[in-house]
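This report refers to the structure that appears directly beneath it.
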Amino acid sequence: MKLSVMQENLARGLQVVSRAVSTRSTLPVLNNVLLRTEDAGLKLTATNLEIGMTYWVPGKIDTAGSMTVPARLLTDIVAGLPANERVDLEMQAQETLHIQAGHFETHVKGIDAEEFPAIPTAGERPTTRVPQNVLRQALGEVVFAAATDEARPILTGVLAKFEGDKLTLAAADNYRIAVKTITVLDPVEETSVVVPARSLHELSRILSDTDEPVDIVLSPTRNQIIFHLEGIDLVSRLIDGQFPNYQQVLPKGFTTKATVDRDQLLAAVRVASLIASSSANIVKLHVGKDADLGVTVSAAADVGDNKSDVEAKVEGDGTTIAFNARYLLDVLANVSADQFSIELNGPLSPGVFRPVDDGQYVHVVMPVKTTS
């Protein structure tokens, strides 16, 4: 293998794929990045066996070939090379990569490419396509709600339900549910898969704020999903199991509804959470009846107390409900909207948060029982 690439292109590619490098594997080759000449350039691949990432770097190939080298070491070396410099890469004897750029010359020991696990690429016809900016926003509004506790593996994933020209994404842990529906470019027969939230988090990092589409390919065996955008593939395993029927938890109506300015409510909850964090992290929302004061956000602990009034348009009965401050901060910080509606059914029923200008998103937060 012998080829030349530009430093900035190689550095960018290594930065992208290194997110998929294993950090805990007992297989040394999973700490490496696979270098393979392909399609008039260099194909970089890394995997931790749950997620795999491939990045194509344009270049000039003199001799085809492949090898693997330690990903972190190579990434740091290339990042330290002069920008806008040509980088010459050559595989030498005993799986050694020779790197030369200007006055810099480095040798790095590697591992045979044959030991690297096979990673599929998006060569098949896409199942459907979604504008990158649409999918990126949807992931940002849903993925954070997935569980991080491995006790229930299915909840560490995000349900992706394809149905006609709609894709519904849903994430849940034991305390909240986030659901977002978006439109896809190509209709799909009804099917559902559960994608690890970690994989979708990495996908959101490489999606751009553009309406250029990302291809979505479901493997025929339904055990993997591939996302393809220009020059990059991300492949993820899917999680086996039945995702909970979140529809059963979504309240069908409300007795109290408050429409508030998101920024005002977010600021009030942030201040209250400073007090709440020293105790059980509980903040209370008191909603006045009809034309009363609106919403009062409060917290109390041994270190002190806090109370903030937020203007609101209120419909129905007044009520007081307690939430974990972190869950309120998560939805208010991650979902962009000028106003939120908060739908309640008393202090012991889930609270429903909806962006006023987005009828395709709903977020449910379970209340906290308090003694007062």
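None of the figures in this text is laboratory data; all of them are computed from the coordinates on show. Keep in mind the model is a prediction, meaning the values are calculated, not measured. Cβ sites come from the backbone with ideal geometry, for glycine too, and all protein chains shown count toward neighbours.
Numbers for the structure displayed
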read-out: Sum of side-chain charges, Asp263 neighbourhood, beta-carbon under 11 Å (Lys, Arg +1; Asp, Glu -1); value: 0
read-out: FRET efficiency, Leu27 to Ala83 (Cβ-Cβ, R0 30 Å, nearest 0.05); value: 0.35
read-out: Net charge contributed by nearby residues that have their C-beta within less than 14 Å of Leu274 (K/R +1, D/E -1); value: +1
read-out: FRET efficiency, 1/(1 + (r/R0)^6) with R0 56 Å, evaluated for Val108 and Ser349 via beta carbons; value: 0.40
read-out: Of all DSSP beta bridges in the chain, antiparallel share, percent nearest 5; value: 100
read-out: Relative contact order for the chain, counting Cα pairs under 8 Å that sit 6 or more residues apart, in percent; value: 12
read-out: Rel. contact order, % - alpha carbon contacts under 8 angstrom, at least six apart, region 65-215; value: 22
read-out: Normalised alpha carbon radius of gyration of region 295-345 [divisor 2.2 N^0.38 Å]; value: 1.28
read-out: Gln94 versus Asp76: modelled label distance in nm, points set 7 Å from Cα along the beta carbon direction; value: 2.3
read-out: Flagged links, alpha-carbon separation over 18 Å, of Lys257/Lys313; Lys257/Lys284; Lys2/Lys109; Lys180/Lys313; Lys2/Lys43; Lys284/Lys307; value: Lys180/Lys313
read-out: Cα centroid of region 220-269 to Cα centroid of region 1-21, whole Å; value: 32
read-out: Where a label projected 7 Å from the Cα of Ala151 along Cα→Cβ would reach, residues of region 318-348 with amide N under 18 Å; value: 324, 327
read-out: Arg237-Glu190 FRET efficiency (beta carbon distance; Förster radius 30 Å; 0.05 resolution); value: 0.85
read-out: Protection proxy ranking of 355-361, 146-152 - average other beta-carbon atoms within 10 Å, highest first; value: 355-361, 146-152
read-out: Neighbourhood net charge (14 Å Cβ-Cβ; Lys/Arg +1, Asp/Glu -1) for Gly110; value: -2
